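Visitor: First, the structure itself, so that you have it in front of you.
What follows draws every value from the coordinates through simple rules; no lab data is involved. Everything numeric here is computed off the predicted structure, so don't read it as measured data. Counting neighbours? That spans all protein chains shown, and the Cβs are built from the backbone with ideal geometry, glycine included.
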Amino acid sequence: MKALLLMRSSILLGLACLSAQAFSSDLTQVYRKALANDAQYAAARATLEAEREKLPQSLAGLLPTIGATAGSVWNDNRYRNDGDGQPSWKKDYNTHAYGVSLTQPLFRWQNVVRYGQAKWQVAQAEAVFAQASQEMILRVARAYFDVLYAQENLAAVRANKEAIALQLAQAKKNFEVGTTTITDAHEAQSRFDLAVAQELAGDGDLEVKRYALRVIVGGELGELARLRADVELRPPQPAGMEQWVQAAENDNFLVQARQAALEVAQREIERARAGHYPTLDIVANYGKSDSVPSASNSPGLRTDARNIGLQLSIPIYEGGATRSRTREAISNRGAAQSLLENARRVAVLGARQSFLGVVNGLAQIQALKAALVSSISALEANRLGYDVGVRINIDVLNAEQQVYITRRDLARARFDTLLAQLDLKAAVGTLGEDDLERLGPLFEGSF
């Protein structure tokens, strides 16, 4: 009967685990939810759509403009002749008029420059949005890993607390039978109380991290797919740092955005100088008006006007405004050049840091895995030594604490290395959803 109950419990536990895995959300699924609900990403997308409108707006400066006017006026005119004694008289009539005008720019150099400038402004907006898309991937991954780390930390704290609780019970029992002093029980109680405090802190931290992830995805999330215990992370490819650095210097999206901004600033100088140039337009007008008198026996007046011609405008003096705008544009170009150089330096620094983060993280993971094996062996040895009387209680407690710390640091190293891999891809402008999909096999319950 007891064996049957144990078998039934095992089956139910296995089904519960399978159910949790089946309904767990992996990193790619969470990212796709964020695509639809993240407020920062939505704002970046709307900003891009707004910036794209600069191109048709600037094109409008090269195309004809057509306008129409229409109106109706009631005229009530009264006349009085005081010189010859003739009686006063009046004339009442309606005037209806409408007109159409067309202006086609033939030479407006500032409009031509503005159109080319708008293309670079759109390119800049595209690069900024691409960077925002990469940053959203990093925000999702960072928040996802923070939740998983908080879970790993809380699990380690609880395991440590349970081990200390057993050690505390054993210390109290040994004191009761007179084989140890009360000091062992006090030391174990102190460590147990500390573990309880750490558990409370870990539980609160997990709740905060979960909420931070919910803010990005815009709603509740179920269980998250966890990192496999036997996961093996790969070194970056290519393996040389300088290849990543060169790619970041040229292909980083912030660098591309600053490069486009420099092109915009360069054309702004040309557009400002165009204020000295003449403009030439084709101007065509057509108008018609009818004057209808109130008296039916009086004749009306109808006029039709048509004209077409060239209109030349030559700026002579504008109070120095054009020269001032040119100097302003030159200064802005200098600022854009400096910002471009700074963006390149930041991209190179980011690539170097991320590359070293991956390489050093992999080495740290291997060292911590070995340290975990050693700390577990040391714990078992200390427990055995305590049982036979060659070790004291504090030795066991310290060994248990070291196992907890090593497990926590190993989990942190794994998540930091994964994030460094994504940061490295972002530094060279190649981070995308496919990179998250490639991480899928590293997690339990992933599809």
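Visitor: About its Cα centre, what dipole magnitude does region 143-257 give when the only charges are +1 on Lys and Arg Cβ and -1 on Asp and Glu Cβ, stated in debye to the nearest 20?
Guide: Here the size comes out at about 300 debye.
Visitor: I've got another one for you. Cross-link candidates for K369: which aspartates and glutamates have Cα within less than 13 Å, leaving aside residues fewer than 8 places away along the same chain?
Guide: Output for K369: D230, E232, D409.
Visitor: Mind checking the angle between helix 2-22 and the chain's longest principal axis? C-alpha axes, 0 to 90 degrees, to the nearest 10.
Guide: Long axis of 2-22 versus the principal axis of the chain: about 20 degrees.
Visitor: E270: net charge of surrounding residues, Cβ under 12 Å, Lys/Arg +1, Asp/Glu -1, itself excluded?
Guide: +4
Visitor: Using 7 Å Cα-to-Cβ label points, what is the A201/S324 separation (nm, one decimal)?
Guide: Reported label-point gap for A201 and S324 is 6.0 nm.
Visitor: Now for a separate question. I want the local charge near D205. Using Cβ-Cβ distances under 14 Å, sum +1 for each Lys or Arg and -1 for each Asp or Glu among the other residues.
Guide: Within the 14 Å Cβ shell, the charges total 0.
Visitor: With charges only on Cβ, +1 for K and R and -1 for D and E, what is the dipole size of the chain about its Cα centre, in debye, rounded to 20?
Guide: Once rounded to the nearest 20, the dipole reads 1020 debye.
Visitor: Here is a further query. Using only Cα atoms, tell me the angle between helix 321-388 and the longest principal axis of the chain; keep it within 0 to 90° and round to the nearest 10.
Guide: Tilt relative to the chain: about 10 degrees.
Visitor: Can you give the angle from 0 to 90° between the axis of helix 39-52 and the longest principal axis of the chain, with both taken from C-alpha atoms, to the nearest 10?
Guide: 30 degrees
Visitor: Something else: Average projected area of the Cα convex hull of region 94-208, in nm²?
Guide: Orientation-averaged projected area of the Cα hull: 17.5 nm².
Visitor: Give me T95, T406 sorted ascending by neighbouring Cβ count inside 10 Å, so fewest comes first.
Guide: T95, T406
Visitor: Between E444 and residues 5 or more places away or on another chain, which pairs have amide H atoms under 5 Å apart, with H built 1.01 Å from N, and which residues are they?
Guide: Residues meeting the criterion, in which the H sits 1.01 Å from N, are R226, L227, R228.
Visitor: Using Cα-Cα distances under 8 Å and only pairs 6 or more residues apart, what relative contact order does the chain have, in percent?
Guide: 25 percent
Visitor: Also: Which shape class applies to region 188-237: rounded if a/c is under 1.5, otherwise prolate when a/b exceeds b/c and oblate if not, where a ≥ b ≥ c are the square roots of the Cα gyration tensor eigenvalues?
Guide: oblate
Visitor: Among (i) 1.31; (ii) 1.04; (iii) 1.00, which one is Rg/Rh (Cα atoms, Kirkwood Rh) computed from these coordinates?
Guide: (i)
Visitor: Given V128, Q237, L63, which one lies farthest toward the positive end of the charge dipole of the chain, if we put +1 on the Cβ of every Lys and Arg and -1 on the Cβ of every Asp and Glu?
Guide: Of V128, Q237, L63, it is L63.
Visitor: Can I ask one more? Note down the net charge around D304, summing +1 for each Lys or Arg and -1 for each Asp or Glu among other residues with Cβ under 11 Å from its Cβ.
Guide: Once all neighbours under 11 Å are counted, the net charge is +2.
Visitor: While we're looking at this one, here's another question. Plugging the Kirkwood radius over Cα pairs into Stokes-Einstein for region 238-361, at a temperature of 25 °C and a viscosity of 0.890 mPa s, what D comes out in µm²/s?
Guide: Value of D from the Cα-based Kirkwood radius: 120 µm²/s.
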